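Asker: One structure is given below, represented as structure tokens, and several questions about it will come after.
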Amino acid sequence: MIRVTRFGVSMDTNLLRRFDEHIKKRGYSNRSEAFRDLVRDRLVKEEWAWEEEETVGTVTLIYDHHQRELQEQLTEQQHRYLDKIVSSMHVHLDENNCLEVLAVKGKARDVKDVAHQLISRKGVKHGKLVMTTTGKNL
């Protein structure tokens, strides 16, 4: 069973008002859960700073599938990192553009490398690595 500790936080009134507006927009039922999420988010960011820590995330790519040899290059890179890419999804957005989402897992340093190798390809219109945690340390 998880133990819960209660503690107080002093905060500028305007900052608290803005925080309350923020959590209301996000659908939180109370300040505690919103505060816990902020703390978790910060801890996850720290995990990613530890280059050797096992992490997970997603790499999202938007690209023009007519770009010469791009699909072949992306596939080649994905095969090169078979041990880091655990799943992929490909969506045809329209007659020109594709969305590719890759689930990645490995040491933070390696996952970042995989993402940079894919995102930096000529013809990738937009790419983003979203980093999260395996949840083991939370």
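The values are calculated or read from the model by the stated rules, or taken from the named source; none is laboratory data. Since this is a predicted model, take the numbers as computed values, not measurements. Cβ placement follows ideal geometry from the backbone for every residue including glycine, while neighbour counts extend to all protein chains displayed.
Asker: Filter the stretch 79-111 down to the residues that are of a type in the set (Asp, Glu) and assigned to a strand (DSSP E or B) and list them by number.
Answerer: Glu100
Asker: All but one of (1) under 20 Å from Val111 (Cβ atoms); (2) modelled with pLDDT of 90 or more; (3) of a type in the set (D, E, K, R) hold for Arg18, so report the exception by its number.
Answerer: The one condition Arg18 does not meet is (1).
Asker: Turning to a different aspect of this structure: Among the residues of the stretch 74-120, count how many are surrounded by 16 or more Cβ atoms within 10 Å (Cβ to Cβ), under 27 Å from Glu52 (Cβ atoms) and of a type in the set (D, E, K, R).
Answerer: 4
So that you can scan it fast, the table gives a plain yes or no per residue for (1) out of contact with any Phe, Trp or Tyr (no Cβ under 9 Å at 6 or more places or on another chain); (2) in the same structural domain as Gly127 (by TED's automatic domain parsing); (3) under 18 Å from Lys128 (Cβ atoms):
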| position | (1), (2), (3) |
| --- | --- |
| Ser29 | yes, no, no |
| Ala34 | no, no, no |
| Thr60 | yes, yes, yes |
| Gln67 | yes, yes, no |
| Leu70 | no, yes, yes |
| Gln77 | yes, yes, yes |
| Ile85 | yes, yes, yes |
| Ala103 | yes, yes, yes |
| Lys112 | no, yes, yes |
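Asker: Same structure, new question: If Val59 satisfies every condition in (1) in a loop (DSSP other than H, G, I, E, B); (2) touching a residue at least 40 places away in the same chain (Cβ under 8 Å) but one, which is the exception?
Answerer: All conditions are met except number (1).
Asker: Report, by residue number, each residue of the stretch 119-132 that is touching a helix residue (DSSP H, G or I) at 6+ places or on another chain (Cβ under 8 Å), more than 15 Å from Ile85 (Cα to Cα) and not charged (D, E, K, R).
Answerer: Correct list: Gly123, Val124, Gly127.
Asker: Answer yes or no as to whether Gly27 is farther than 16 Å from Leu138 by Cβ and either at pLDDT 90 or above or touching an Asp or Glu at 6+ places or on another chain (Cβ under 9 Å) (or both).
Answerer: For Gly27, the condition - farther than 16 Å from Leu138 by Cβ and either at pLDDT 90 or above or touching an Asp or Glu at 6+ places or on another chain (Cβ under 9 Å) (or both) - is met.
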